[in-house]
Structures are given as C-alpha cells and as structure tokens.
Amino acid sequence: MTDLSLNYSESRSSELYENYITTLQQLEKECSVNSRSSEDVLLLCVSKLKPASDIQALYDKGIRHFGENYVQELISKSEVLPKDIKWHFIGGLQTNKCKDLANKVENLYCVETIDSLKKLKKLNEQRCKYVEGLGQGSDAASSEKHTITVNIQINTSGEEQKSGLSDESEFFQMIDFFGSPECKYVKLNGLMTIGSWDVSHSETEENKDFAALVSWKSKLLSYYNKKGHTNVAPVKLSMGMSSDYIQAIKQGSNEIRVGTSIFGTRPVKN
Ligand SMILES: *Cc1c(COP(=O)(O)O)cnc(C)c1O
C-alpha cells in the first residue's frame, strides 16, 4: 500500500523540485530548438508507486498535473490530496474499472488510456450516474466541472502485448461518439501512445511510434474535414517518457509523461 501521509522533509522537497525544474528546462530548450512554444507541451509528473507526500511537496510549489497508473492507488491518493489537482489516469484500464474511476475521483481530469468504444461509453455512462447522484442539476457549469477529458490510446508499435487501439473503424466510431448527444461527461483531448522500448533506445533519428501517432492525428483531422466539422478543439498528442521525451517534443508531443527523472526509481509493485 502506498504511503498516504502528507508530511515531507525539506530535503526531499528540494530534490523533487530541482528534478522538476531540470526537466522543465530541458523541455523549454527542446521547444525553442524546434521553434515551438513551451506552453504547448505539458510536463505531467508521473507519481505512481510514490508516496502522497512527494505529490504534496510538488503541489506546494504550484504543480497541479499528476499521473497515476493504478485505479485503487489513484483513488486513495485523491482522497487525501488537494481537490484542485488535475489527475491523469495513464495505466492499463479494464472496462469494469471505469466505474470506480468515474465515481471515486471527483477531480479526475484526463483518462489517457481509453482504447475501445466500450470503455469510452462506460466511462461516460458511469460519470453521468455519478453526477446525477450528486443532485447538482445539469447546468453548463456543473457539466464543465465534472467532464473528464479522454485520450484515445493507440497501439503504434503493432506489438500484440501492448495495449492500445489499432482498428481504424472503431477509432472513427469513437470520434463519432464524442459528437453524439449521448456523450455528456467525456470529451476528446487527444491521442496517446507508449513507444516501444526498442524504438526509444535506438539511435535512429525518428521514433517510428511517435511518427505513427502523428499520422493518426492527420487521419483524424481529415475525417473532421470530410464530415465538415469546423471549430473542433485541437487534438493533443501525449507521447514521451523519461527516456525519450526529447525526441517526442521534436516530433510534436503536447504532453510528456515523466516519472523516473523527477521522482527517482520506483519500488516494485506488489
Ligand atoms: C510509468 C509511466 C510513465 C513514466 O515513465 P518513466 O520512464 O518513469 O518516466 C509514462 N507513461 C506511462 C504510460 C507509464 O506507465
């Protein structure tokens, strides 16, 4: 069980903040080299298996976006930590866990690992039930507050064991669902991928998985175009981790998910 105490030492706090700032400076440098605005790339702190006090320490420095991989761990942490944290769920998700995410994490900001229409519908349905249960009515303000943003996770490597969607027709069905009246409490934020290990550790210039995610984004934009959708929100790309975020920024990432470089190595999950 993860440590849920919120007390941290000054030395741990400085260590974490220095790591965060170092990573942020790398991010800014890479953006400037590539003529991108650093405001277009979010540094998501991946705190899985780390104590709640580490999150509190960074929170106290003004950081709000944190990523977690395990449903129960996220629920427990969200119960004790401040309610204006923007939680990202980035772990493998089973359909039957969508209910807990929707019901037990009020400040859930983004679920990044939705890889089927079934899970998307489930998350929306369960969030609807949760909001109904709160009895706060369905005005626009309440809808905005409770809406969960979603990244569709794409399997860009073609590796069987990797999660993520690879079926185009299901992908477009999901896109259509976001535009349907039934879709009330989820909205599309963007696309996400986990690059394969081989690719991220090779010396070649371009990362094939990241390039593949960019091409899925193009497919999506032409689909919008074909359907005559104007005024659609920008499609963001979540790609890049500690080992490959520099390359990911080069290839157009809008969110890098960094754990080890900020928090240090993780304990083994038991
Ligand atoms: C753990 C994890 C990360 C962070 O990985 P690091 O290598 O520690 O930076 C990023 N994305 C996902 C999906 C993860 O599971």
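Every number here is computed from the coordinates shown, using simple stated rules; none is lab data. Quick caveat: nothing in here was measured; it's all calculated off a predicted structure. When we count neighbours, we look across all protein chains shown, and the Cβ atoms used for this are built from the backbone with ideal geometry, even at glycine.
What FRET efficiency would be calculated for the residue pair GLU205, SER169, taking the C-beta separation as r and a Förster radius of 25 Å, to the nearest 0.05?
0.20
Just need the relative contact order of the chain here, percent rounded to a whole number, with Cα pairs under 8 Å and 6+ apart.
After rounding, I find 20 percent.
Filter the cross-link list LYS119/LYS217; LYS104/LYS226; LYS104/LYS236; LYS99/LYS162; LYS122/LYS250; LYS29/LYS104 down to pairs whose alpha-carbon distance in this structure exceeds 32 Å.
The pairs that break the limit, which is 32 Å between Cα atoms, are LYS104/LYS226; LYS122/LYS250; LYS29/LYS104.
Return P(r) of segment 44-189 (all Cα-Cα pairs; 10 Å bins starting at 0; whole %; ordered from short to long distances).
Going from the shortest bin to the longest, the percentages are 11, 41, 34, 13, 1.
Which is the longest part of the chain that has none of the trypsin sites (Lys or Arg not before Pro) sitting in a DSSP loop with at most 15 other Cβ atoms within 10 Å?
So the longest stretch without any such site is 84-226.
Multiplying the sequence separation of SER9 and ASP176 by 0.36 nm and subtracting their Cα-Cα distance, what value in nm do you get?
Extra length from SER9 to ASP176 when fully extended: 55.2 nm.
So if we plug the beta-carbon distance of LYS226 and LYS118 into 1/(1 + (r/R0)^6) with R0 = 22 Å, what FRET efficiency do we get, rounded to 0.05?
For R0 = 22 Å, the calculated efficiency reads 0.30.
Given points 7 Å out from each Cα along the Cα-Cβ axis, report the LYS83 to ARG266 separation in nanometres with one decimal.
Result for the modelled spin labels: 2.9 nm.
Starting from 0 in steps of 5 Å, tell me what percent of the Cα-Cα pairs of segment 55-114 lands in each bin.
4, 20, 34, 24, 11, 5, 2, 0
Taking only Cα atoms and a 10 Å spring cutoff, compute GNM fluctuations for the chain and point out the largest among GLU182, GLU28, GLU106.
GLU182
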